[in-house]
Amino acid sequence: MSDDEGLSLLERIANLHSQANLIPCPPIDKSFDPQALLKVNRNQIPEIQAETSVPRVAADADVATPWLVDLFADSLHIPRKQFDPWITFGELGVESVMLAELLQKIEAHVGRPLPPSALLDNPTLAQLSKYLAQFEPAQTSAVTTRPAPAVERALEPSEDSRIAVIGVACRFPGAEDTEAFWDSLSAGRCSITEVPGLRWDTELFYRPEYRAGMSISKWGGFVDGIEQFDPAYFGITEDEAACLDPAIRQLLESTVACFHNAGYATKEFWGREVGVFLGARMSNYRLRCGIRPGSSGLGMGQNFIAARLAHQFNFYGPNLIVDSACSSSLVSVQLACRSLLAGESEVALAGGVEVLLDEQLYLEFSAAKALSPSGRCAVFDEHADGFLPGEGTGLILLKPLGRALQDGDSIHAVINAVAVNNDGHTMGLTTPSHSAQSRVVRQCLRASGFAAEQIAMIEAHGTGTMIGDPIELRALTDVFRETTRRSGFCAIGSVKSNLGHLLAAGGIAGLLKAILSLEHAQIPPTLFCSTPNPRFEFASSPFFPNTRLRPWPTDQKVRVAGVSAFGLGGTNAHVIVSELESRLREKVLQKRTPLPPPVFQRKRFWLEREPVQAFSALSAVSEAASKADWVSSILQLDFEPVHNGFPDGKVR
């Protein structure tokens, strides 16, 4: 055995999933008989299972298809002779961005679109070679579904285990409230604009081509008048208002609006068990305030986004900030529902907020090649090239359904089930798992008591990426195909085509869209999907991309929708939401009607950032980047681009 073969064998043994022991055996007389060594005390040790045996390294050359080895060697800059066909792509450093690039090159070679999950399901050269060998010119199906597993009978949730949505509020790009939001959705309007000058200088940071330290995009979904606030309405001094983070300002106003929508004044819940569960992250606005005395200085941590509401309105219930990235606000809905069912909260606010204050997020997502250079989020479309960031606030007020019926509350919708899980170990830290997405949808569907055929609308996570969208569609299809063979009966779309990706508030934006759709008995269009992605066969799936406003189907007794949000880092959430059944609605005398929306006398309270200098090191960074090796990654959890050319890995 040569040195290279020995090192390859050592690496393979080290990567075995089962236990393995490697024992150095230097021969005393410089002779070595491996067969004799293996027979020593053979009757005292268990037989080695066939699946853990290691094939001879010399025989591995024929396991992987030569053209595929060449493709990977060229893409990863690894000498061909060093490739082990059984080493996983994750161990080779392949993550989501590189996954997309490799898939495109493989598709170009085989002359057909492939499901992005092909590389996830076949994560070694040997497995991928075997998978690709099945495709002959006569075959056309790029997506196959697995045999349907046994499915347990769905549970029958009682009124006591379901949650009523009794209040809604939002402030989104192009929509000051839920009424304007629905008008925008139903009209098929896109609220994406160029970055306002108040946020960051596109002349300084935007370039139409990828460059280190620059943004590939100058578009996003922005809330108008974010610098304005009415501190007098909340009894806040003007000095404190100037330092109050824009996220907290939006939540204060939206909390009042949400209670009013439910028919309550906030003072009615003063000193009561109101839970607050919010998906959020703190912006860099606090850096503009410097060190200040009192609450202006201390109340700037992330926890104060929720804590400020409890303080302002004297809420006694649990008060939490959730950060699971893009799924944060849907996870907050699950926590709110659990708190209500456990009896620790009598009502609960759930939702999320996001603020795009400066260029930092754009630079980081651009470094990860996650943003759309074209300025649109073309979910499920053949030309999808990434997402656009967005900002805004969305809230729902929740109460146990049985109690809401007794209290005569106005019920917008019913949350039947919420499920949350995680991808676990995948090819890379940010690489999604279609099996985990399937599990969370399956768990939620079963707990809801509804069958797949009763779901007429799916509000997908749908970020407009080449890899993510088909994986999500396959995950949904796998679950639906366990119980139905019908095709094309469920509309699917994503509000990100209208607003951009609201990040921490992305899930609540999708849920509010679904709630409004249930109320209006209409399904609004998803934009920019003129040519569906060929990597997923919609025609043979339960789904169709909904590109026009259409009435809700009348073939089911109850309108039901599913909503997904998948967090960067693997936390997945799915919600099943429905209208209140007519049998219950007809028996309840509604006592609560919405109060007039709050009227705020807003004025400008805004601390300007320090003048931004054109990065003095930018040209040096770009020059160094051109000479350095970039690590392919679609964002680490701290949203830092990974780079080999600088000691701390940051682009300045």
- Message: It is to be established whether one or more residues within the range 416-436 are at pLDDT 95 or above, in a helix (DSSP H, G or I) and open to solvent by less than 10 Å² (accessible area, probe 1.4 Å).
- Response: yes
- Item | Flag if Phe480 is surrounded by 24 or more Cβ atoms within 10 Å (Cβ to Cβ) and aromatic (Phe, Trp, Tyr) | yes
- Residue hits (the range 548-575; surrounded by fewer than 19 Cβ atoms within 10 Å (Cβ to Cβ) and of a type in the set (Ser, Thr, Tyr)) are Thr554
- Grab the strands (runs of 3 or more DSSP E) fully contained in the range 242-361, keeping just those with 1 or more residues being touching a strand residue (DSSP E or B) at 6+ places or on another chain (Cβ under 6 Å) and open to solvent by 20 Å² or more (accessible area, probe 1.4 Å). 319-322
- Just a yes or no: is a residue in the range 539-547 open to solvent by 10 Å² or more (accessible area, probe 1.4 Å) and at positive phi? no
- Looking for whichever is in contact with a Ser or Thr (Cβ under 6 Å, 6 or more places away or on another chain), open to solvent by less than 10 Å² (accessible area, probe 1.4 Å) and among the β-branched types (Val, Ile, Thr) here; the options are Ile492, Ile471. Which one fits? Ile471
- The lone condition Phe646 fails out of (1) among the aromatic types (Phe, Trp, Tyr); (2) modelled with pLDDT of 90 or more; (3) out of contact with any Phe, Trp or Tyr (no Cβ under 8 Å at 6 or more places or on another chain); (4) farther than 30 Å from Leu473 by Cβ is (2)
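From Gln139, Gln104, grab the single residue that is modelled with pLDDT under 80, farther than 20 Å from Phe380 by Cα, among the polar types (S, T, N, Q) and open to solvent by 70 Å² or more (accessible area, probe 1.4 Å). I'd like the intermediate steps shown before the answer.
Details: Gln104 fails: farther than 20 Å from Phe380 by Cα.
Just a single option satisfies the conditions, and that option is Gln139.
Here are some residues: Pro173, Pro115. Which one is modelled with pLDDT of 70 or more, open to solvent by less than 50 Å² (accessible area, probe 1.4 Å), within 30 Å of Ser254 (Cβ to Cβ) and within 23 Å of the chain's Cα centre (by Cα)?
Pro173
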- Residue count for the range 506-547, restricted to those that are polar (S, T, N, Q) and part of a helix (DSSP H, G or I): 2
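The values are calculated or read from the model by the stated rules, or taken from the named source; none is laboratory data. Every value quoted in this text rests on a predicted model; they were computed, and no experiment measured them. All Cβ positions, even for glycine, are placed from backbone atoms using ideal geometry, and neighbour counts span all protein chains on display. What goes into the accessible areas is simple: the full protein's heavy atoms, side chains included, and nothing from ligands, DNA or RNA. Shrake-Rupley method; radii C 1.70, N 1.55, O 1.52, S 1.80 Å.
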